[in-house]
Amino acid sequence: MRAAIKTVKSGEIILQEKELPKLNSDEVLIQVDYCGVCGSDLHAYKHSKGYEFVSKPIILGHEFSGVVVDCLDASYEHLKGKSVIVEPMNYCGKCENCVNGRKSICTQNKVMGLHFDGGMAQFVKTEARYVREIPNGIPLQLAALSEPMSVAVHAVHQSGEISKSDTILVQGPGIIGFFVSVILAQKGAKVYLSGLEKDYENRLSKCQKFGVIPHIVESGNLGEKVDIVFECSGSNAAVKSGFSSLKKGGKAIFVALYEKETALFLTELVRNEVSINTSYGSNPEDFNEAFVVLKLLSEQLMDIMTIYPLTDVSQAFEDGLNQVVLKPVISLC
Ligand SMILES: [Zn+2]
Ligand SMILES: [Zn+2]
């Protein structure tokens, strides 16, 4: 099979012929159709701080859709021929967090395409228990975005109930911030999505057709304080400005991952009784709501993706890094 291999060299991905993955009895083989390039793939590509754990060489990619083509165990035969996605976060199911339903923070968690080979190849294998059939009405290329949508669903849940009277600022027009803002607007809240001026044309402006208000950071403050901030940018400056955008008693949800430490003057946050919460990955149940949103908005969401053939995988990564596209997706079909 053809595969995009992330080599031991920073910023290098090469195409190679590889042997098909050998199946264990609890696994299925998937022929991949589309695979999204995630922010974490970009970090792994650039050997960013915090990604030292990524084994190399590796096939990256955890946001993919495809068709089950093989299995060893007869109990998975029914999956053959089905269009599927995979929950990429592999959990043990036994630790305290798993038992309490918090599988995204399983003490043993391993992520497909970061800890072991993922979906930027013609074929990929996974344990059958992580396979999810794609509901009718979601095109295969959009289904590849089920995982980032589930991460956005999970983040929104971390803020508690959203009310129609809430005013919310989502910081960072990457795919997670974008999806968070879309979900919140669907729930009837007034939602701003903020980003830099250079992000406006290719990323930020696309939020308007979902009822989200784009806000350019360089243009200054919002002009009103908000009830909730979702920090999805990963920028240290945005962490601070996010807190200053909050009403007294507001909530801040941190979804981004940061390369550097941030110094905060906690007295201000204490005086305002700001609630701080964090959100990491998603749980299996979050995919159910992700499918609902993808299906509901499937037509409008199609043009947020930029599709690259596998032969242009390096270009897809460079465009993702340079933020000239909202969501690079590799086509393998
Ligand atoms: Zn991802
Ligand atoms: Zn666990």
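The values are calculated or read from the model by the stated rules, or taken from the named source; none is laboratory data. Keep in mind the model is a prediction, meaning the values are calculated, not measured. Positions of Cβ are backbone-derived with ideal geometry, glycine not excepted, and every protein chain shown enters the neighbour counts. For accessibility, only protein heavy atoms count, side chains too; no ligands or nucleic acids. Shrake-Rupley method; radii C 1.70, N 1.55, O 1.52, S 1.80 Å.
Run the paramagnetic zone check for Thr267: 7 angstrom along Cα to Cβ, then residues of region 213-251 with backbone nitrogen under 18 Å.
244
So, with +1 on the Cβ of K and R and -1 on the Cβ of D and E, and no other charges, what is the size of the charge dipole of region 217-276 about its Cα centre, to the nearest 20 debye?
Dipole about the Cα centre, nearest 20: 180 debye.
Spin-label point model (7 Å from Cα, Cβ direction): what's the Lys46 to Gln208 distance in nm?
2.9 nm
With N set to the number of residues, divide the alpha-carbon radius of gyration of the chain by 2.2 N^0.38 Å and report two decimals. Could the numbers behind the result be given before it?
Values: Rg = 19.7 Å, N = 333, 2.2 N^0.38 = 20.0 Å.
In units of the globular-protein estimate, the chain measures up at 0.98.
Could you check the spin-label model distance between Glu224 and Gln300? Points 7 Å from the Cα along Cα→Cβ, value in nm.
1.9 nm
Between the DSSP loop rule and a limit of at most 15 other Cβ atoms within 10 Å, which chymotrypsin sites (Phe, Trp or Tyr not before Pro) in region 52-123 are left?
Listed in order of number, the matching sites are Phe53.
As I understand it, the dipole of the chain uses +1 on the Cβ of Lys and Arg and -1 on the Cβ of Asp and Glu, about the Cα centre. Which of Ser159, Ser205, Ile175 lies farthest toward its positive end?
Ser159
When only DSSP loop residues count, what trypsin sites (Lys or Arg not before Pro) in region 210-284 have their Cβ near at most 13 other Cβ atoms within 10 Å?
Lys260
To the nearest 500 deg cm²/dmol, what mean residue ellipticity at 222 nm is calculated for the chain from DSSP H runs of n ≥ 4 alone, each contributing -39,500 (n - 2.57), summed and divided by the residues?
Helices in the chain give a 222 nm mean residue ellipticity of -6000 deg cm²/dmol.
Say a paramagnetic label sat at a point 7 Å from the Cα of Thr7, along Cα to Cβ; which residues of region 51-92 have their backbone N under 19 Å from it?
Correct set: 54-61.
Please work out the average accessible area per residue across region 181-316, using the 1.4 Å probe convention, and give it in Å².
52 Å²
Need the full-extension length gain, Asp73 to Asp26, defined as separation in residues times 0.36 nm minus the C-alpha distance. One decimal, nm.
That works out to 16.2 nm of additional length.
Quantify, in whole percent, the carbon and sulfur part of the accessible surface of the chain (1.4 Å probe; protein heavy atoms only).
Of the solvent-accessible surface of the chain, carbon and sulfur hold 49 percent.
Kindly give Rg over Rh for region 159-278, based on alpha-carbon atoms, with the Kirkwood expression for the hydrodynamic radius.
The Rg/Rh ratio comes out at 0.94.
Let me have the relative contact order for region 159-278, percent, based on Cα pairs under 8 Å that are six or more residues apart. List each step's numbers first, then the result.
Numbers: 232 pairs, mean separation 28.9, N = 120.
Over region 159-278, the number comes to 24 percent.
Taking region 21-125, which GluC sites (Glu not before Pro) meet the DSSP loop condition and have no more than 10 other C-beta atoms within 10 Å?
Listed in order of number, the matching sites are Glu52.
Using the Cα centre as the reference, give the magnitude of the dipole from point charges on the C-beta atoms of region 159-278 (Lys, Arg: +1; Asp, Glu: -1; all else neutral), rounded to the nearest 20 debye. Please report the intermediate quantities before stating the final value.
Details: 14 positive and 13 negative charges, 58 e Å.
That gives a dipole near 280 debye.
Subtracting the Cα-Cα distance from 0.36 nm times the residue separation, let me have the gained length for Gln315 to Phe53 in nm, one decimal.
Details: separation 262, 0.36 × 262 = 94.32 nm, distance 2.45 nm.
Answer, rounded to one decimal: 91.9 nm.
Output the direction-averaged projected area (hull surface divided by four) of the convex hull of the alpha-carbon atoms of region 141-197, in nm². Show your work: numbers first, answer last.
Values: hull surface 16.5 nm².
Mean projected area of the Cα convex hull: 4.1 nm².
Roughly speaking, what % of Cα-Cα pairs in region 1-143 are separated by over 28 Å, rounded to a whole number? Display every interim value, and only then the final one.
Numbers: 1866 of 10153 pairs.
Value for region 1-143 (Cα pairs over 28 Å): 18 percent.
With unit charges on the beta carbons (Lys and Arg positive, Asp and Glu negative) and the dipole taken about the Cα centre of region 52-115, which residue among Cys92, Ile58, Val69 sits farthest to the positive side?
Cys92
Report, in cubic angstrom per residue, the convex hull volume of the C-alpha atoms of region 215-333.
Enclosed volume per residue, from the Cα hull, is 168 Å³.
Summing +1 for each Lys or Arg and -1 for each Asp or Glu, what net charge is found among the other residues whose Cβ lies under 11 Å from the Cβ of Leu326?
-1
Under unit Cβ charges (Lys, Arg +1; Asp, Glu -1), what dipole magnitude, rounded to 20 debye, does region 14-165 have relative to its Cα centre?
It comes to approximately 380 debye.
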